[in-house]
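Note sheet for the following structure.
The values are calculated or read from the model by the stated rules, or taken from the named source; none is laboratory data. The model shown is predicted, which means the values in this text are computed figures rather than measured ones. Note that we place each Cβ from the backbone using ideal geometry, even for glycine, and neighbour counts take in every protein chain shown.
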Amino acid sequence: MPKALITGITGQDGSYLADLLIAKGYEVHGLKRRSSSFNTDRVDHLYVDAHQAGARFFLHYADLTDASSLARCLMSIQPDEIYNLGAQSHVKVSFDIPEYTADVAGLGAVRLLEAVHRAGLHCRYYQASSSEMFGSIPPPQSETSPFHPRSPYACAKVFAHQITVNYRESYGQHASCGILFNHESPRRGETFVTRKITRSVARIKLGLEDTLYLGNLDAQRDWGFAGDYVEAMWIMLQQDVPGDYAIGTGESHSVREFAVAAFSHAGLDWRDHVKIDPRYYRPAEVAALRADASRARRELGWEPRIDFSGLVKMMVDADIEALEHSLQGGVQAVARRSAEH
Ligand code: NAP
Ligand code: F7E
């Protein structure tokens, strides 16, 4: 039975990847960090008592800022595949906590790669690189496009990407980078713009609020479905030869278009509800991202299944259903935490 280790398993992508690997028959180990509140909501459905015979899902306390915890987990698990998905992944927040963001998203990768190297493990490694690394380079962007990062987050990701390539070239590690464009889902963090919009649409539709405050509506992103993108991660590690691949739909839309589509799917007019609050602007913005994923299509046979309108509908429907469910249960404490970012 192949063994996988996932950092960031409690996040959006980690949870979809864990679903995929469990379905493929893997033993899945995830690193979770210590939190004063529960942070395993997205993977609780996979939980099985470790004492039960046949348990294949295990969580371990560790942190990407703590090299010894990573080395300890690697030695005890001895994984065949490592997926490094852990990060402080919010671009706007990275301007507020730049050093921590660089520590987790940048140095975290070299801590893990070095621990693999020192332990002499012959496992395959996936690095979660990001289209944010392209920054101000005009679309379409591919693996061969130059990088011009526009945030502390993107700078950290460029370091993690380059150090992964460096370990591959220096030590022959089977290490691949997926340069993923934005991907979303009903499990998307509540403060990213798509989920912020679809949660607010649900609250407006059900009469709990009236106004949604957003920042730059003109930014364009290539939005796909996270469930499709974790398949690309797995396929990369099944290749004989490691490499770097841009993963995206090849289609981009503005934040405004996303809002129009989301409100209209719920039978609402976005102009009645959306207002601009400049506090959501960023010190430096990435204007437009659109993937050229032709290498992934050609060499990995990867194609996205869900398109833009399917994604918007899936997210709006899921948020309306979740809110109706919680209201029916009498739980009205749906804090407006997304207003913070
Ligand atoms: P996410 O939902 O924000 O999940 C991030 C994960 O990293 C969470 O499990 C989080 O734990 C964990 N984490 C944060 N700080 C950590 C630390 N110090 N040590 C160990 N783990 C830590 O992100 P995502 O959307 O799933 O993205 C997965 C990866 O792909 C990230 O590296 C992200 O930067 C990258 N990426 C994402 C996209 C996208 O559009 N989603 C595109 C390109 C690249 P908690 O649950 O405890 O917070
Ligand atoms: O912003 C604009 C904002 O925070 C998208 C991460 O997963 O994808 C993600 O980074 C756009 C930006 O994602 C609001 O200015 C307008 O132009 O949803 P986002 P992101 O910054 O693209 C990349 C690929 C990653 O790697 C990252 O980890 O939307 N925008 N108004 C807003 N954004 C937010 N969050 N909130 C607003 O109110």
Residue in region 89-100 that is of a type outside the set (D, E, K, R), more than 10 Å from ligand 1 (Cβ to nearest atom) and in contact with a strand residue (DSSP E or B) (Cβ under 7 Å, 6 or more places away or on another chain) present: no
Some residue of region 115-128 being touching a His at 6+ places or on another chain (Cβ under 6 Å), over 23 Å from Leu237 (Cα atoms) and either within 12 Å of ligand 2 (Cβ to nearest atom) or among the charged types (D, E, K, R) (or both): no
Any hit, region 129-144, residues being surrounded by fewer than 17 Cβ atoms within 10 Å (Cβ to Cβ) and of a type in the set (Ser, Thr, Tyr): yes
Residue match in region 113-124 (condition: in contact (Cβ under 8 Å) with a residue 60 or more places away in the chain, acidic (Asp, Glu) and more than 15 Å from ligand 1 (Cβ to nearest atom)): no
Region 150-162 - residue that is within 11 Å of ligand 2 (Cβ to nearest atom) and over 11 Å from Asp103 (Cα atoms) and, of those, nearest to the chain's Cα centre (by Cα): Ala154
Selection within region 20-62 - among the acidic types (Asp, Glu) and surrounded by fewer than 18 Cβ atoms within 10 Å (Cβ to Cβ): Asp41, Asp44, Asp49
Residues of region 143-167 that turn out to be out of contact with any helix residue (DSSP H, G or I) (no Cβ under 9 Å at 6 or more places or on another chain) and away from ligand 1 (no atom under 16 Å from the Cβ), as a count: 1
Any pair with Cβ under 8 angstrom, 6 or more apart, that starts in region 188-216 at a residue that is farther than 27 Å from Gly14 by Cα and part of a helix (DSSP H, G or I) and ends at one that is modelled with pLDDT of 95 or more and small (Gly, Ala, Ser): Ile204/Ala266; Lys205/Ala266; Lys205/Gly267
From the options Ala288, Ala259, Ala219, residue that is crowded, with 21+ Cβ neighbours inside 10 Å, within 23 Å of the chain's Cα centre (by Cα), more than 27 Å from Ala18 (Cβ to Cβ) and at pLDDT 95 or above: Ala259
Test: Ser176 is crowded, with 20+ Cβ neighbours inside 10 Å and not aliphatic (A, V, I, L, M): yes
Residue within region 265-278 that is farther than 25 Å from Ser200 by Cα and surrounded by 13 or more Cβ atoms within 10 Å (Cβ to Cβ) present: no
Residue in region 64-82 that is nearest to ligand 1 (Cβ to nearest atom), counting only those that are touching a helix residue (DSSP H, G or I) at 6+ places or on another chain (Cβ under 6 Å) and closer than 11 Å to Leu31 by Cα: Leu64
Selection count where residues are of a type in the set (S, T, N, Q) and part of a helix (DSSP H, G or I), scope region 161-179: 4
Region 61-76 residues that are within 9 Å of Ala115 (Cβ to Cβ), paired with ones that are modelled with pLDDT of 95 or more and within 16 Å of ligand 2 (Cβ to nearest atom) (beta carbon under 8 Å, 6 or more apart): Leu70/Leu64
